[in-house]
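Encoded as structure tokens, the structure appears first; notes follow it.
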Amino acid sequence: MFGYHLRLGLKSLRRNPVLTVLMIGAIALGIAVCLTTLNVYSMVSGNPLASRNDVVYAVQMDGWDVTEPWNKDHPTYAPWELTFRDAQAVYESNIPDRKVIMRKGAFVLGSSDEKSEAKPYIVEARLTTPDFFSMFAVPFKFGAGWDAEAERSAEPVIVLGDKANEKMFGGADSVGKTVKLDDKEYKVLGVLDHWSPVPKFYDLNNGSLDEPEDVFIPYSRGELLEVVSAGNVNCWKPEPIDSFRAFLASECVWIQSWVELRTPAKVEAFKSFLDGYVAEQKKLGRFSRPLNNKLSKVSEWLQLNEVVEKDNSVLLGISFMFLAVCLLNTVGLLLAKFSGKVGVVSLHRALGASRKMIFRQHLVEVSMVGVVGGLLGIGMGWLLLLALRQLYNSYEAVTHLDWTIGLIALGIALVAGILAGLYPTWRICRVQPAPHLKTQ
Amino acid sequence: MLEMQHISKVYRTELIETHALRDFSLKVEEGEFVAVTGPSGSGKTTFLNIAGLLETFDTGTYRLDGESVNDLDDDARSRIRNQKIGFIFQSFNLIPDLDLFDNVDVPLRYRGLNAAERKRRITQSLELVGLASRMRHVPAQLSGGQQQRVAIARALAGEPRFLLADEPTGNLDSLMARQVLDLLEEINRGGTTVVMVTHDAELARRAHRNVHVMDGKVTDFQPYEGRPIGAGTAGRAALA
């Protein structure tokens, strides 16, 4: 009987093509807008390191100005980043199972091979300690990262992102080959597989929706080569900074720090370590503010940084309200359409269709409108995301259509179609057939 | 076959009450061909709608094929309509975007018959009305008389025991009206009980019995005097 209902539904939809197109269009429009906002919302509100959420922590210490909190709106907040020397102290602790200190730098990446056709270009680099790759579960296509010894001796080694490897080596296995960063040669140790965590949780302060950096080199290279930061640097203390060394010794915060602590005991021990470190620093005249060290899990870190801005939630709500308006329009159109079907429905009733059968038949019809509207809406949503990507390059990571969201949108469309059809369908089922058979 | 006792039906609006049927009693025996006549507004169609379980009534009793239908729910009434009753309407009531095959198929779908059985019945009933060769045509491609024959085929395909016809020739010219009536007579001879509402006294005369309705009451009827002559070759028997 379902097949028969489908056939009758299809014929009924063809009977009033204009009304059908309007209904499908209304649902498609609502779904497209919902899909777009839902897609962006889901991307920015996701936790890309959910599987390691319970063991990986962002580290904060509050050595900011005693007269003014780092964040006036949230006085209890500590700076997102650490000073160079505080980060160094974290890195020297033996308590964490893994530890990462890191920052951004900018270089010109070029080929070492003079015959290569790959042109040099400016890249963002992550200068990081070696645990970065294992702690953040970064996937490798070829090779691996560097070891502690390479870090200690600031070896000129590099891990290429998949795009950089594509540009330099056409995507081939480049492990063992060399590239130039600025004028210095670096040996390629590894090439990343496609990796695009959204949001870029490990450095939310420098473009939370940006793609990961193009290349990765040892953190210690930055000190050796005196690489200036390509990310945010926040300072509060008037102090003479006339050299790179002076900058490293300053109270400016610019280093991101993460640790992996696999047991609650380690968490407690590391907290004690931080407290002890700050207490020592206080004796040296630093950290004048009350003790305010923080360890935040990735999920807490994302929340703290307000990656999902209130605007996003409001926009999501508005888009669903827009869908509701589209559905109300669809209800009106369905009422108009079904009122024109009273004669045919009466005839079906006379020929033996019960109210339940008529209800099912029309529910199938409105479901078809919902599904077709949903599919069209997904297509329109995809185009909208494409347009957003063209307009705002920085939105690239969040404007890829997540097909799970697409399927959810299809489900929403189906439910929306049925909801929109419930009242018109109920009404048509209540029709008394007799008066309409005489005059059909 | 059909037995109504003291049926009354009132249509109410906020302003007025219209007594469509008052103390309406009628008995139709199996195999009869009854013509129901009366002026416009006399209650003929209301009677037919109640007889066909398309409308409920306010008081009285109604037994169809020995079963009381007073308290049946919508499912049961729909099942009886589908299995025991065939309808023929003045305006044919064919579904315009379904071809003849699919139009005749509608009641059979609700019966839940399998595809082979449905096809057999559809072909047979369209053959009976002489339109089997045009089963893939849509109603708009047929004349009024042909459309009414399709409506008859649709009614017959369900092999009803009881055929209700509401002014079946009202929209036809005299030649086509005669053809349709010939067909109804043939169906009746096959054993199907036929109740026909008509204005046309000449058509009514061809029934075995006339029932005259006035102001919602039966005012005159000819008693049933046994099975009509010549019964037994077409209609339900032919499709069985």
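Kindly work out what percent of the DSSP beta bridges joining two residues of the range B:2-239 are antiparallel, to the nearest 5.
In the range B:2-239, DSSP labels about 55 percent of beta bridges as antiparallel.
If each of residue A:286 and residue A:386 carries a label point 7 Å out from its Cα toward its Cβ, how far apart are those two points in nm?
Taking the simple label geometry, residue A:286 and residue A:386 are separated by 5.3 nm.
If you place +1 on the Cβ of every Lys and Arg, -1 on the Cβ of every Asp and Glu, and leave all else neutral, what size is the dipole of the range B:2-239 about its Cα centre, to the nearest 20 Debye?
For the range B:2-239, the charge dipole is close to 680 debye.
Once you put a point 7 Å from the Cα of residue A:140 and another 7 Å from the Cα of residue A:335, both along the Cβ direction, what distance in nm separates them?
According to this spin-label approximation, the distance is 6.6 nm.
I need the shape label for the range B:1-72. Rule: rounded when a/c is under 1.5, else prolate if a/b > b/c, else oblate, with a, b, c from the alpha carbon gyration tensor.
Oblate shape, in that a/c is at least 1.5 and b/c is the bigger or equal ratio.
Got a sec? Charge dipole of the protein assembly as shown, +1 on Cβ for Lys and Arg, -1 for Asp and Glu; which of A:106, A:412, A:431 is way out at the positive end?
Final value for the positive-end residue is A:431.
Counting only complete DSSP H runs, which helices of chain A cover 20 Å or more along their long axis at the Cα atoms and score a mean Kyte-Doolittle of 0.5 or above?
Long hydrophobic helices here: A:17-45, A:310-339, A:355-391, A:403-429.
Name every cysteine in chain A that ends up alone, with no second cysteine's Cβ under 4.7 Å, or say none.
Cysteines lacking a close Cβ partner in chain A: A:34, A:326, A:429.
Quick one: order A:202, A:392, A:4 by neighbouring beta-carbon count within 10 Å, fewest to most.
A:392, A:4, A:202
With a Förster radius of 60 Å, plug the Cβ-Cβ distance of residue A:234 and residue B:119 into 1/(1 + (r/R0)^6) and report the FRET value to the nearest 0.05.
Computed FRET efficiency for residue A:234 and residue B:119: 0.15.
Can you list the lysines whose alpha carbon sits under 18 Å from that of residue A:11, skipping same-chain ones fewer than 8 residues off?
Counting by Cα, and skipping residues close in sequence, residue A:11 has these lysines nearby: A:337, A:341.
Once every DSSP H run of n ≥ 4 in chain A is given -39500 (n - 2.57) and the sum is divided by its residues, what mean residue ellipticity at 222 nm do you get, rounded to the nearest 500 deg cm²/dmol?
For chain A, the value works out to -16000 deg cm²/dmol.
Quick check: net charge around residue B:79, other residues with Cβ under 15 Å of its Cβ, Lys/Arg +1 and Asp/Glu -1?
+2
Gap in Å between the Cα centre of the range A:299-325 and the Cα centre of the range B:40-104?
Measuring centre to centre over Cα atoms gives 56 Å.
Only Lys, Arg, Asp and Glu count, each charged at its Cβ (+1, +1, -1, -1), so figure out the dipole size of the range A:144-302 about its Cα centre, rounded to 20 debye.
The calculation lands at about 660 debye.
By how many degrees, 0 to 90 and rounded to 10, does the Cα axis of helix B:100-111 deviate from the longest principal axis of chain B?
Helix B:100-111 sits at roughly 60 degrees to that axis.
At 7 Å along the Cα-to-beta-carbon direction for both residue A:220 and residue A:166, put a label point, then send me their distance in nm to one decimal.
Here the modelled spin labels are 3.4 nm apart.
In chain B, if the dipole is taken from +1 on Lys/Arg beta carbons and -1 on Asp/Glu beta carbons about the Cα centre, which of B:124, B:46, B:142 is farthest to the positive end?
About the Cα centre, the residue reaching furthest to the positive side is B:124.
In whole angstrom, note down how far apart the Cα centers of the range A:10-27 and the range B:168-196 are.
If you average the Cα positions of each part, the centres end up 40 Å apart.
Given R₀ = 30 Å, FRET efficiency for residue A:300-residue A:122 by Cβ-Cβ distance, to 0.05?
0.30
Provide A:402, A:86 in ascending order of the number of other Cβ atoms located within 10 Å of each residue's Cβ, fewest first.
Lowest count first: A:402, A:86.
Between residue A:241 and residue A:173, what is 0.36 nm times their sequence separation minus the Cα-Cα distance? Round to one decimal in nm.
Stretched fully, the residue A:241-residue A:173 segment lengthens by 20.2 nm.
Considering only DSSP beta bridges where both residues belong to the protein assembly as shown, give the percentage that are antiparallel (nearest 5).
70
Mind giving me the FRET efficiency for residue A:7 and residue B:219? R0 is 56 Å, r the Cβ-Cβ distance, nearest 0.05 is fine.
Once the sixth-power term is evaluated, E becomes 0.70.
Straight-line reach from residue A:141: which lysines have a Cα under 18 Å away, not including same-chain ones fewer than 8 places off?
Once the sequence-local lysines are set aside, what remains near residue A:141 is A:163, A:167, A:177, A:187.
Quick one: how many lysine pairs does the range B:2-239 have with C-alpha atoms less than 26 Å apart and a gap of 8 or more or different chains? Give me the count, please.
Close lysine pairs under the 26 Å cut-off: 11.
Distance between the C-alpha centers of the range A:58-112 and the range A:117-173? Whole Å please.
22
Have a look at A:269, A:324, A:302 and report the one farthest towards the positive end of the charge dipole of the range A:244-351, computed about the Cα centre with Cβ charges (Lys/Arg +1, Asp/Glu -1).
Working it through, the farthest residue towards the positive pole turns out to be A:324.
Using the 10 angstrom Cβ neighbour count as an exposure proxy, how do A:121, B:110 rank, fewest first?
The fewest-first ordering by Cβ neighbours comes to A:121, B:110.
Which trypsin sites (Lys or Arg not before Pro) from the range A:376-435 combine a DSSP loop assignment with at most 10 other Cβ atoms within 10 Å?
The qualifying sites are A:430.
If I stretch the segment between residue A:272 and residue A:400 completely, what's the gain in nm (0.36 nm per residue apart, minus their alpha carbon distance), one decimal?
Between residue A:272 and residue A:400, full extension yields an extra 41.8 nm.
Tell me the angle of helix B:174-189 to the major Cα principal axis of chain B, expressed in degrees between 0 and 90 and rounded to the nearest ten.
On a 0 to 90 degree scale, this one is about 80.
What size of dipole, in debye to the nearest 20, comes out for the protein assembly as shown about its Cα centre when the only charges are +1 on Lys and Arg C-beta atoms and -1 on Asp and Glu C-beta atoms?
Dipole size: approximately 2640 debye.
Length gain on complete extension for the stretch residue B:133 to residue B:67, per 0.36 nm per residue less the alpha carbon to alpha carbon distance?
19.8 nm
For residue A:294, which lysines qualify as cross-link partners when the Cα separation must be under 21 Å and same-chain residues fewer than eight apart are set aside?
A:72, A:99, A:200, A:266, A:271, A:282, A:283
Readers should treat all values here as calculations from the given coordinates under stated rules, not as data from a laboratory. Worth saying up front: this structure is predicted, and the values here are computed from it rather than measured. Don't worry about glycine lacking a Cβ; one is built from the backbone with ideal geometry, like all the others, and counts go over all protein chains shown.
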